[in-house]
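Step one of this worksheet: look at the structure below.
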Amino acid sequence: MDINIEPSWKEFLQPEFEKEYFLKLTDFVENEYVQKLIFPPKKLIFNAFEQCPLDDVKVVIIGQDPYHEEGQAHGLCFSVNDGVAFPPSLRNIFKEIERDLGISAPFSGNLTHWAQQGVLLLNAIMTVEIHKAGSHQKQGWEKFTDAVIHKLATEKQHIVFMLWGAYAQKKCYFIDENKHLVLKSVHPSPLSAYRGFIGNEHFTLTNKYLKEKGMNTIKW
């Protein structure tokens, strides 16, 4: 697998790319793309890093794995390509932004503009087979993205980590809450959104923290 990743990230993560588990992961991913329909498109696997260079990272949002229907995934968690109907979780994210900040839902569910402001939209598992949620679990992606989060949490400071749902919250033991802001709530899925995601005010809290630390806020 060609590691088509933004140069600052490539340098930061180079030791990870040389580990045995990552070499096995790349073999698995290469074979999957040859044999099956896999999302996101191969050239966009590392799009989250491409759109948000290392030194720009201010916020990290963690998803589980990419959308698994055709035309949706483009390498940013919760985000969909222009013209694609909003999946339920994304619709609830926009509902909370409207409730929290008074900003109406946009016409597009493409969150690239968040990434370009310093929001790392990272799926814990970065590839998936069509129609098969979770199909690339336990192949090495979780270990890789854990390493990303650990390095960010250890070597950087004043990052906001938005951890939505139990899966994302498992990552919090990597994160020193004296150096970073950790925001937790239930997942924006329809199964849980009205049990604590709607009303969590994470978007206001994020911008308040960034402003306090002298950083530009995010235009959600």
Would you check which residues across the range 170-197 are out of contact with any strand residue (DSSP E or B) (no Cβ under 7 Å at 6 or more places or on another chain) and surrounded by fewer than 18 Cβ atoms within 10 Å (Cβ to Cβ) and list them? K170, Y173, F174, D176, E177, N178, K179, S189, P190, L191, Y194, R195
Considering only residues that are exposed (fewer than 14 other Cβ atoms within 10 Å of the Cβ) and assigned to a helix (DSSP H, G or I), which ones fall in the range 209-220? K211, E212
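Let's see how each residue does on (1) more than 25 Å from P87 (Cα to Cα); (2) at pLDDT below 95:
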position	(1), (2)
Q157	yes, no
M162	no, no
A166	no, yes
Q169	no, yes
Y173	yes, yes
N178	yes, yes
S185	no, no
P188	no, no
Looking for something over 18 Å from F144 (Cα atoms), open to solvent by 20 Å² or more (accessible area, probe 1.4 Å) and part of a helix (DSSP H, G or I) - is there at least one such residue anywhere in the range 10-25? no
Consider P7 against the criteria (1) open to solvent by less than 40 Å² (accessible area, probe 1.4 Å); (2) within 26 Å of M215 (Cα to Cα); (3) at pLDDT below 95: it satisfies all of them except one. Which criterion is unmet? (1)
Any idea which of (1) modelled with pLDDT of 95 or more; (2) of a type outside the set (K, R); (3) not in a helix (DSSP H, G or I) is the one L205 doesn't satisfy? (3)
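The values are calculated or read from the model by the stated rules, or taken from the named source; none is laboratory data. Computed from a predicted model, the values in this text were never measured in an experiment. A quick note on method: Cβ atoms are made from the backbone with ideal geometry, for glycine too, and the neighbour counts reach across all protein chains shown. The accessibility values were calculated without ligands, DNA or RNA, using every heavy atom of the protein model including side chains. Shrake-Rupley method; radii C 1.70, N 1.55, O 1.52, S 1.80 Å.
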